[in-house]
2 protein chains.
Amino acid sequence: MKLIQIYQCLCDETRLRLLHLLMQGPLCVCHFQGILNEPQVKISKHLGYLKTRGLVTASRSGNWMIYALPPQQKRSVELRVNLACLQDCVADNAVFKRDLARLKKLDLACAPAQIAKARGAVRKCC
Amino acid sequence: MKLIQIYQCLCDETRLRLLHLLMQGPLCVCHFQGILNEPQVKISKHLGYLKTRGLVTASRSGNWMIYALPPQQKRSVELRVNLACLQDCVADNAVFKRDLARLKKLDLACAPAQIAKARGAVRKCC
DNA sequence: GATCTATATTCCTTAAGAAGAATGTAGTAA
DNA sequence: TTACTACATTCTTCTTAAGGAATATAGATC
């Protein structure tokens, strides 16, 4: 069942944090590293786990891999409902709030690669 | 985090079916056996898993163990939201609908022990 | 006390998952 | 070509989990 796979993705804190951040828009691996402050392997493997189960998509942009949630119209009902649910549940959580705060700071210094490129932002954003 | 434990409970189909049935009210192990058509060990162990993580409560009534969701006011926000979410997600699923149908049939022949007792129902309900 | 019933626990096997170290790779820059 | 950057994969170790067979236990019945 598809639903089970969603729950499997949701039962690890690192993955919850990744998904939570992705709800704000696409990001590349180095952004996650900076925000979560976790080693690259760990981030990369969890993103792979999410990708295998269809919860995120990946696309390359130069050296960067851009991860994103599937486009709205492609999200299953189960995914949509559970993402909303997740957001409710972690709204007051310190870790998740800090992640969001860091994301906002990051956005000022360095937008996601897609956007950064469009803006002609500095190359070495990560 | 408490939320993770909830998701851990939700990522097995058997446990989803158990929780889904419990949303209709308390049940004992033999009821689950009949409805899910799964061996006793399996049911019992999954109920134990749920109990350890606080998603269900257990109380003895004679030979029977009655399992139930925690009373409404004792359910965490996370649990409440996720149970509602689960109910939405499986509403159209054949397996879960069949479980509900069987539960209703079961109720006619043999109410949960608590109720059965109160009604003076036949002893050997399981 | 002996037996039966409903349920739990233990033991075993197998598989999946998490984490880190080391290494590989695709694309960029010089 | 060489070197660098961002990321992925492989290998190993450890832990958790699932399922079934066999056995144990608590309470009811005789």
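For the segment A:8-17, counting C-beta atoms of other chains within 10 Å of every residue's C-beta and taking the mean gives 4.
Rounded to the nearest 0.05, the FRET efficiency derived from the C-beta distance between A:S59 and A:A91 at R0 = 30 Å is 0.55.
Modelled spin-label separation between B:V77 and B:V41, with each label point placed 7 Å from Cα along the Cα-to-Cβ direction: 4.2 nm. Other residues lying with their Cβ under 11 Å from the Cβ of A:R53 contribute a combined charge of +3, Lys and Arg counting +1, Asp and Glu -1. If Lys and Arg each add +1 and Asp and Glu each add -1, what is the summed charge of the other residues whose beta carbon sits under 10 Å from the beta carbon of B:E78? Once all neighbours under 10 Å are counted, the net charge is +2. Take A:A84, push a point 7 Å out from Cα through the beta-carbon direction, and compare it with the same point in every other copy: 1.0 nm, smallest first. Peptide A:84-97 shows a mean partner chain C-beta count of 3 within 10 Å per residue C-beta.
The length gained by stretching the chain between A:R102 and A:T14 to full extension, at 0.36 nm per residue less their Cα-Cα distance, is 30.1 nm.
Quantify how strongly other chains surround peptide A:68-79 by giving the mean number of their Cβ atoms within 10 Å of each of its Cβ atoms.
Partner Cβ neighbours, averaged per residue: 1.
Scattering from segment B:1-59 was approximated by placing one identical point on each alpha carbon and applying the Debye formula without solvent; log10 I(q)/I(0) at 0.16, 0.26, 0.30 1/Å stands at -0.44, -1.16, -1.48.
Segment A:1-114 has equivalent-ellipsoid semi-axes of 21, 17, 13 Å, by the square roots of 5 times the alpha carbon gyration tensor eigenvalues, sorted largest first. The HN-Hα couplings worked out from phi for segment B:99-106 by the Karplus form 6.51 cos²θ - 1.76 cosθ + 1.60 (θ = phi - 60°) are 4, 4, 4, 5, 4, 5, 4, 4 Hz, whole numbers, x standing for Gly and Pro.
Read-outs: derived from the displayed coordinates by stated rules, not from any lab. If you're wondering where the values come from, they're calculated on a predicted model, not measured in any experiment. Cβ coordinates were reconstructed from backbone atoms using ideal geometry, including for glycine residues, and neighbour counts include every protein chain displayed.
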